Amino acid sequence: MNVNKILDHLMTIFAIIVLGIVGIAVTAEACDEPFIVNSTAYANPAGNPTYSGRPTVEGRTLAGKTEWIGSVAALYEINEDDSIGEFIGYREVEDTGYGVASVKVPGMGTIETGETVDLFIEDREEAIQYGERKIYIQIIDGEG
């Protein structure tokens, strides 16, 4: 077993422990393997509720495919060699990217197919500056 595999397993165990501490019910079987997605960011100046009905909150809200609504996602940077990098944080999949979910961006795929996710960032200019990035995501089924 290589070092990256060991680190992947340790991060999964850590995620399960942390989510248990904060009161999110999760089991080891509920964790998918981390995989690479494209990521973008969005702002919500109108204050519209998310698909789940909750308000958008920076550091919490993530738009992803409809099947992921209610799940927690662990996000990681991606290293130059495509291995899992630094932990970004946990986000709750609360939104679907209404209006852009089915728009296929060349080379990026769509939100509704799970090829792209959209992070909520309060400041519109910061969301624009985020641009497009590849990240690792690990979907963890659970309820917050």
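Coordinate-derived values only; no laboratory data. A quick note: this is a predicted structure, and the numbers were derived from the prediction, not measured. FYI the Cβ positions are ideal-geometry reconstructions off the backbone, even for glycines, and counts take in every protein chain you see.
Residues with beta-carbon under 14 Å from that of Thr56, excluding Thr56: net charge, scoring Lys, Arg +1 and Asp, Glu -1? Don't skip to the end; give the middle numbers.
Values: positive: Arg54, Arg60, Arg91, Arg124; negative: Glu58, Glu92, Glu94, Asp95, Asp118, Glu122, Asp123, Glu126.
Summing Lys and Arg as +1 and Asp and Glu as -1 gives -4.
Taking the Cα centroid of the stretch 62-97 and of the stretch 110-144, what is the distance between the two, rounded to the nearest whole Å?
Cα centroid to Cα centroid, the span is 6 Å.
Report the extension gain between Tyr51 and Ile128 in nm, rounded to one decimal, defined as 0.36 nm multiplied by the number of residues separating them, less their alpha carbon distance.
Numbers: separation 77, 0.36 × 77 = 27.72 nm, distance 2.17 nm.
Extending this stretch completely gives an extra 25.6 nm.
If packing is taken as the average number of other Cβ atoms within 10 Å across a peptide's residues, how do 72-78, 55-61 rank, most packed first?
Ranked by mean Cβ neighbours within 10 Å, highest first: 72-78, 55-61.
For the ranges 87-95, 128-136, what's the packing order if you count other beta-carbon atoms within 10 Å of each residue, average per peptide, and put the highest first?
Going from most to least packed, we get 87-95, 128-136.
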